1. Any residue at all in region 45-54 that is away from ligand 1 (no atom under 16 Å from the Cβ), open to solvent by less than 70 Å² (accessible area, probe 1.4 Å), within 27 Å of Asp329 (Cβ to Cβ) and at pLDDT below 95?
2. Which of the numbered conditions does Arg229 fail, given that it passes all the others? Conditions: (1) out of contact with any His (no Cβ under 9 Å at 6 or more places or on another chain); (2) open to solvent by 50 Å² or more (accessible area, probe 1.4 Å).
3. Please tell me if Met343 is modelled with pLDDT of 95 or more and part of a loop (DSSP other than H, G, I, E, B).
4. Which residue pairs have Cβ atoms closer than 6 Å, lie 6 or more positions apart in sequence or on different chains, and pair a first residue in region 35-46 that is among the basic types (Lys, Arg) with a second residue that is surrounded by 20 or more Cβ atoms within 10 Å (Cβ to Cβ) and assigned to a strand (DSSP E or B)?
5. Of everything in region 56-89, what is open to solvent by 70 Å² or more (accessible area, probe 1.4 Å) and within 24 Å of the chain's Cα centre (by Cα)? Give them in sequence order.
6. In region 1-25, what count of residues is obtained for those that are in contact (Cβ under 8 Å) with a residue 24 or more places away in the chain, part of a strand (DSSP E or B) and closer than 19 Å to Val36 by Cα?
7. Could you list, in sequence order, all residues of region 32-43 that are assigned to a strand (DSSP E or B) and either within 16 Å of ligand 2 (Cβ to nearest atom) or surrounded by fewer than 21 Cβ atoms within 10 Å (Cβ to Cβ) (or both)?
8. Output the residues belonging to region 233-275 that are touching a strand residue (DSSP E or B) at 6+ places or on another chain (Cβ under 9 Å), part of a loop (DSSP other than H, G, I, E, B) and on the phi < 0 side of the Ramachandran plot.
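The values are calculated or read from the model by the stated rules, or taken from the named source; none is laboratory data. Because the structure is a prediction, the values reported are computed rather than measured. Every residue, glycine among them, receives a Cβ derived from its backbone with ideal geometry; neighbour counts consider all protein chains shown. Accessible surface areas use protein heavy atoms only, side chains included; no ligands, DNA or RNA. Shrake-Rupley method; radii C 1.70, N 1.55, O 1.52, S 1.80 Å.
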Amino acid sequence: MDKHKISVITGPREAKLFEVDIPEIKNNEVLVANKVCALCTSDYQLWMGTRDNIPYNVAFGHENAGVVVKVGADVKNVKEGDRVAFGVLGCGVCDDCRKGLNLKRCMNATSSHTAGNADGYHGPHGASQYKAVEGRKLFKVRDGVSLKHAAFLEPIATVVEGIERMRIKPNENILVVGAGTMGNLNAQVARKYGATVIVSEVSDKKLETLRKMGFKHLINSKKEDLKTRVNEILGGQQLDGIIVSVGATPVYRQVFEMAPKCCRILLFAANYPAPEWGMNIDPNLIHYNLWEIIGTYTASTFAFQQAMDLINKEDLNLDLLIDGEFDQDKLQEAFEAASTPDMFRVLLNI
Ligand SMILES: [Zn+2]
Ligand SMILES: [Zn+2]
């Protein structure tokens with residue numbers, strides 16, 4: 001049997017390639033040759049050893065795109081040679097999937113991070129040379145659209161999911177706190193949904209990236225008082241929503257202190273090690289302020305389709321979010337780069 005190289009995080013600050021058999025496909029599956037995989041925050045935090053929710057060894061990679069090389073007999077939506085990105089979807093047939101709910105409500109969901117694999121390594125295998133996947137989980141990438149952009153499908157889908165859950169409407173005033181890759185994508189998608197977007201961030205580089213993307217209302221919250229600047233920008237109006245895209249106790253505190261009445265607060269970011277809560281929210285505050293505190297994680301099939309449309313129509317600026325590229329055999333170097341503060345996404349070329 002032919003072999004391929006899989007990328008595996010084996011322990012803190014250690015990632016290696018292993019050679020295993022190329023997976024066999026079932027009738028409803030497709031074999032995809034991965035071409036690009038971005039290193040997600042969750043990947044490099046696992047490599048750094050700061051995540052304790054996923055055990056080693058992990059054949060990581062869930063922000064990937066590639067080319068179809070083999071198609072099972074029952075697959076109708078893609079053919080050999082198609083360029084594709086990967087949806088992380090539920091079973092599609094349980095009651096909750098049919099209601100269009102988030103993947104996390106799927107009654108038959110298994111975690112790709114811990115589910116077993118025929119090659120003996122758990123994990124989604126997106127940074128490996130080949131991946132076998134159910135055909136229905138693939139999204140076609142239009143001709144002329146870069147696979148590097150298509151690799152952003154999963155992160156953009158999670159952003160669309162959050163913004164849908166938050167019900168952003170045109171002309172609403174939305175503050176995004178934190179402008180790393182995910183905060184930046186939140187700002188871009190909120191703008192696409194018609195909101196007036198204000199972004200606060202402490203990194204000059206990240207603010208400058210937003211400026212290049214045409215964002216005007218930018219606040220360096222290390223140098224300026226956030227609430228004062230937000231009030232200046234809004235000229236008497238109030239915030240309709242706040243997207244928290246950085247997970248840290250002082251940020252949560254500041255957000256709840258400044259949230260006006262009827263504000264919707266989206267807790268987008270996770271943070272590891274888990275942030276200390278250390279603050280009591282008086283339920284009366286939520287009651288009298290009519291606050292909505294909204295969690296979000298993963299995405300629905302609908303959000304994946306919306307995200308694929310945004311990528312295929314080239315409606316987002318993704319080039320400025322690619323900060324480095326490495327070949328698959330330079331895994332260690334790629335993780336070193338990805339985990340350097342102030343970096344946007346680092347890509348592996350496979
Ligand atoms: Zn990710
Ligand atoms: Zn389901």
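1. Within region 45-54, one or more residues are away from ligand 1 (no atom under 16 Å from the Cβ), open to solvent by less than 70 Å² (accessible area, probe 1.4 Å), within 27 Å of Asp329 (Cβ to Cβ) and at pLDDT below 95.
2. Result: Arg229 fails condition (1) only.
3. yes
4. Lys35/Gly66
5. Tyr56
6. 10
7. If the condition is that a residue be assigned to a strand (DSSP E or B) and either within 16 Å of ligand 2 (Cβ to nearest atom) or surrounded by fewer than 21 Cβ atoms within 10 Å (Cβ to Cβ) (or both), then Ala33, Lys35 are the ones that fit.
8. Gln237, Gln238, Leu239, Asp240, Ser245, Val246, Gly247, Ala259, Cys263, Phe268, Ala269
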